[in-house]
Structure formats: C-alpha cells, structure tokens
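Asks: Here it is, the structure in full.
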Amino acid sequence: MRTGQIGIGHWAILVVALTLTACTTPAPKVVVLPAAESQGQIVAGSLLWPDVQPLPQGAQAEVTLLSASLAGNHLLAQSEAPARKTPYAFGLWLKPGTLQPGQRYLLQARIVDAAGRVLWTLPAPLALDAASAASPLALSLQQPAAPAASVKTPPSAAANDMTEMFVAQGVRPSRWRAAILGHGAQRQLRANLDDKAVERQYRDVTRKRLANGALIFTANHGWVSLILTPGACTLGANHYPWRAMLEITGATFRGCARGMF
C-alpha cells in the first residue's frame, strides 16, 4: 500500500559551498545543477517493512513499473539489487516522455531471499498516474500470506511452477522463442530454436541492467545470452516494447520481446 509521499517538486540537485574565514562569514553560494528531468524521468522512493533485523545474505529487492492499458500490462522498468535493511531506497530511470498524463501505471515491489522465496511484498500493485509517479514514494511491504496448511504441493510440481517474466520470439534465422522464468537463484532461460527442436533449459542465469535500460541474461558460462533492449519492435501484426537478441554458442537469433505480468 502507498503510505505517503516523502517529497515534492523537481529533481534538482543543490550544491551549497560555505566558505568560512576567521574574520567574516560570507553568504552561502548556491549552484543549481540541471534537473534530472532534462536527462530522463525517474520513479523513486523507499521500501519499508517492520522488521529492523538485517535481511538474510543474498536477499534482493525487486521493483517493477508497468504501463496498464486495456491491451494488457507492459513492462517499462525493473530494478533488482541486493537489500539488507529497511528503509531500502530504489530508483527506476526512464526515457524522457515515458510517463504520460492520462496514462495509468502500476508499481510492484517485493523482497526475495537467495532461493527466490518472497520475504516481504507490496500487498497489491500500487496504481499511479504521471504526476504521482514523479514524486518520491514510501511503500509499506508486508509478509506474504502463509499458504493453507491443508494444501501441499509436491516437490516436483513446485520446481516446475515458475512464472514467465519475459518472452522473446522471432523468425530470424528461424522461428524461435525464448523465455526468462523466475527470480534470483531460481532464474532460468528456456529456448526453442525452431518449431521442431527440443526445448533447451539453462539454470543459474544471471541478470545485468545497462545504463541504457537494456537487460542482459547470461547462462552456460557466457555461451548463452538473451539481450533485451528498450524500443518499439514489430513482428508481423504485433507490437512489442523490447528488441531481442538470443545468442547460443555462436548462433544469433533476432526478434522482439515483452514482459509477462
């Protein structure tokens, strides 16, 4: 739930230099640097949870911003970084003009441990508009509801119950499809290189985010990678928010991608 805004106004950085001498105290010199909006937009704030004890080693904070429409939710930005204590400060950087008046956005946040188990989470996605998304946010996380004691999931079923986070596909050089499933230590990459090929599965997939917003998923000691770059992409009659490039042992496959939420 959104508990309030912790600041208003523009993202300007004020650098105040005070020069003191033994005889006089001149007035402070204030230099106003260019606001962050001139280089992009930002959605930022803090994640708060009631436990003041440090999180377990390997815990990650995951924050996701979606654009909501009748056609579905589209991923705009996502951050994943180590977390230790509350409050945890986060920031999602967007291209200029990404946040539009009249458009509805959803913010999701959670803390997971090294095995991908959810420790703290936002009870429901936070609805935002362009104005509220541009102000710092304070988000109160809660522990996830415990599953019913009478319901037990077989270990084999639990291992296969992974949500697709990103799906990429294309027709060059063949009709291919790749998906990123799960988070953290459980993250996997699954790929079909043509309609008849057996699905390839890769575990221990690492994730890296570049300054331009691109996401790089790597597996098999660097021999397999899926690179998602923000930007309009068209495949047939369908439009996607990401361009995709899949590289497997020297072969390159190109296409489009979208977030699955």
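The values are calculated or read from the model by the stated rules, or taken from the named source; none is laboratory data. Computed from a predicted structure; not experimentally measured. Every residue, glycine as well, gets a Cβ built from its backbone with ideal geometry; the counts of neighbours run over all protein chains shown. Side chains are part of the model used for accessible areas, which takes the heavy atoms of the whole protein and leaves out ligands, DNA and RNA. Shrake-Rupley method; radii C 1.70, N 1.55, O 1.52, S 1.80 Å.
Asks: How big is the C-alpha Rg of the stretch 169-210 next to the rule-of-thumb value 2.2 N^0.38 Å, as a ratio?
Replies: Against the compact-globule rule of thumb, the ratio is 1.29.
Asks: While we're looking at this one, here's another question. Can you give the FRET efficiency for Val118 and Ser174, using 1/(1 + (r/R0)^6), R0 = 41 Å, r = Cβ-Cβ distance, to the nearest 0.05?
Replies: The computed FRET efficiency comes out at 0.65.
Asks: Thinking of the stretch 165-261 as a set of Cα atoms, what percent of all their pairs are more than 21 Å apart?
Replies: Result for the distance tail: 25 percent.
Asks: Send over the per residue convex hull volume for the stretch 215-260, Cα only, as a whole number of Å³.
Replies: 67 Å³
Asks: Which percent of the accessible heavy-atom area of the stretch 178-261 goes to carbon and sulfur, probe 1.4 angstrom?
Replies: Within the stretch 178-261, the accessible surface is 50 percent carbon and sulfur.
Asks: Next question. Which of the chymotrypsin sites (Phe, Trp or Tyr not before Pro) across the stretch 159-254 are loop residues per DSSP, with 12 or fewer other Cβ within 10 Å?
Replies: Answer by residue number: Trp223.
Asks: Share of the stretch 82-132's accessible area from carbon and sulfur, percent, 1.4 Å?
Replies: Of the solvent-accessible surface of the stretch 82-132, carbon and sulfur hold 59 percent.
Asks: Taking a cut-off of 15 Å between Cα atoms, list the aspartates and glutamates near Lys208, but don't count ones fewer than 8 places away on the same chain.
Replies: Correct list for Lys208: Glu62, Glu80.
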